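Novice: First the structure, then my questions, so here it is.
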Amino acid sequence: MRSIGDVVSFEDWPEFQPNMTPREIFSEGSFGGFYWRPIYSSVVSMNLRNEHLEFDDWWDGIDDSLLTSEEYDKNRNRYKVKCGTTLDMWEEKGWIVEQDPYGWVQWYCRFYRGRRSEDDPRQVKRWKAFAGPRGRFRNHLINRIIAKGGDYDDESISPVVRQSLQHWGYRLTREDFEEASLGKWKSSLG
């Protein structure tokens, strides 16, 4: 049985290594509970609702308030913090494409289930830049923990960054923290 923190491997994309499944992202509390809410997508010019039902078998035992709430509530998030940006901003930045009008996590759900598309290289690149071994947010969290002399799992250190990483299917593990810390120490020696 897998645990959060175990790498999710994809034989055809070995460099894409989240360590949370889509189900785990939502069961742990993400997006203030309203990722799958009804939306108007300006990318596909239509109202969308119940899009999460495509993955209905994943949601058994997960309260609807963690999936389809119409209002964001930070208390539904694992780290009890608000983070993220609006769908409008994602659309304006061009981060949303027609095939996945809800965004990256919808892409990940479909990728996890086996769909492959022309958008995969872009989405994997975005994940790597955010949460991969050299990812900005992952390394920011590691640097904050080192600066505070804390433990990898001290959730009081950078809860907003931790919540953001969870939205990208990643939770810092002891192994990842120690490997990165050792690398930073070695590079500081010259």
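Laboratory data are not the source of any read-out in this text; all were calculated from the coordinates shown. Note that this is a predicted model, so its numbers are computed, not measured. So basically every Cβ, Gly included, is an ideal-geometry build from the backbone, and we count neighbours across all protein chains shown.
Novice: Net charge near R76, counting Lys/Arg +1 and Asp/Glu -1 over other residues with Cβ under 13 Å of its Cβ?
Specialist: Around R76, the charge tally is -1.
Novice: Mean residue ellipticity at 222 nm from the helices of the chain, using -39,500 (n - 2.57) per DSSP H segment of n ≥ 4 over the full residue count, to the nearest 500 deg cm²/dmol?
Specialist: Computed ellipticity for the chain at 222 nm equals -11000 deg cm²/dmol.
Novice: Using Cβ counts within 10 Å as a stand-in for footprinting exposure, how do F26, F137 rank, fewest first?
Specialist: If I rank by nearby Cβ atoms, fewest first, I get F137, F26.
Novice: If you don't mind, another one. Taking only Cα atoms and a 10 Å spring cutoff, compute GNM fluctuations for the chain and point out the largest among K128, K74, K148.
Specialist: Highest fluctuation of the listed residues: K148.
Novice: Excluding P121 itself, what net charge comes from residues whose Cβ is under 12 Å from its Cβ, given Lys and Arg +1 and Asp and Glu -1?
Specialist: 0
Novice: Once both labels are modelled 7 Å past Cα along the beta-carbon direction, what's the V160-A129 spacing in nm?
Specialist: 2.1 nm
Novice: Turning to a different aspect of this structure: Any idea how far the Cα center of region 147-190 sits from the one of region 114-138, in Å?
Specialist: Cα centroid to Cα centroid, the span is 19 Å.
Novice: Let me ask something else. What pairs from K74/K148; K128/K148; K148/K184; K125/K148 go past 23 Å between their alpha carbons?
Specialist: K74/K148; K128/K148; K125/K148
Novice: Given the Cα-Cα distance of S9 and K148 and 0.36 nm per residue of separation, how much length would full extension add, in nm?
Specialist: 46.8 nm
Novice: Taking the Cα centre as origin and putting +1 on Lys and Arg beta-carbons and -1 on Asp and Glu beta-carbons, what dipole magnitude results for region 22-188, to the nearest 20 debye?
Specialist: Here region 22-188 has a charge dipole of around 880 debye.
Novice: Considering only G84, S45, S30, whose Cα is most displaced toward the positive end of the charge dipole of region 22-188, charges sitting on Cβ of Lys, Arg (+1) and Asp, Glu (-1)?
Specialist: Result: G84, furthest along the dipole toward the positive end.
Novice: Rounded if a/c is under 1.5, else prolate if a/b is larger than b/c, else oblate: which is region 83-167, with a ≥ b ≥ c the root eigenvalues of its Cα gyration tensor?
Specialist: prolate
Novice: Among W168, L141, Q123, whose Cα sits farthest toward the positive end of the charge dipole of the chain (+1 at Cβ of Lys/Arg, -1 at Cβ of Asp/Glu, about the Cα centre)?
Specialist: The Cα lying farthest towards the positive end belongs to L141.
Novice: Pop the C-beta distance of E98 and E179 into the FRET formula with R0 = 45 Å and round what comes out to the nearest 0.05.
Specialist: Computed FRET efficiency for E98 and E179: 0.70.
Novice: Related question: If R0 is 25 Å, what FRET efficiency do you get for R116 and E54 from their C-beta distance, rounded to 0.05?
Specialist: 0.95
Novice: I would also like to ask the following. Output the relative contact order of the chain, whole-number percent, from Cα pairs under 8 angstrom with separation of 6+ residues.
Specialist: With pairs under 8 Å counted, the relative contact order is 24 percent.
Novice: Okay, next question. At q = 0.11, 0.13, 0.17, 0.19 Å⁻¹, work out log10 I(q)/I(0) for the chain with the Debye formula, treating every Cα as an identical point scatterer and leaving solvent out; two decimals please.
Specialist: Treating every Cα as an identical point scatterer, log10 I(q)/I(0) equals -0.50, -0.70, -1.19, -1.45.
Novice: Which longest run of the chain has no exposed loop site in it, a site being GluC sites (Glu not before Pro) in a DSSP loop with at most 11 other beta carbons within 10 Å, and the site itself not part of the run?
Specialist: Value returned for the longest uninterrupted segment is 119-190.
Novice: Answer rounded, prolate or oblate for region 47-86, using the Cα gyration tensor with square roots of eigenvalues a ≥ b ≥ c: rounded when a/c is under 1.5, else prolate when a/b is larger than b/c, else oblate.
Specialist: Oblate.
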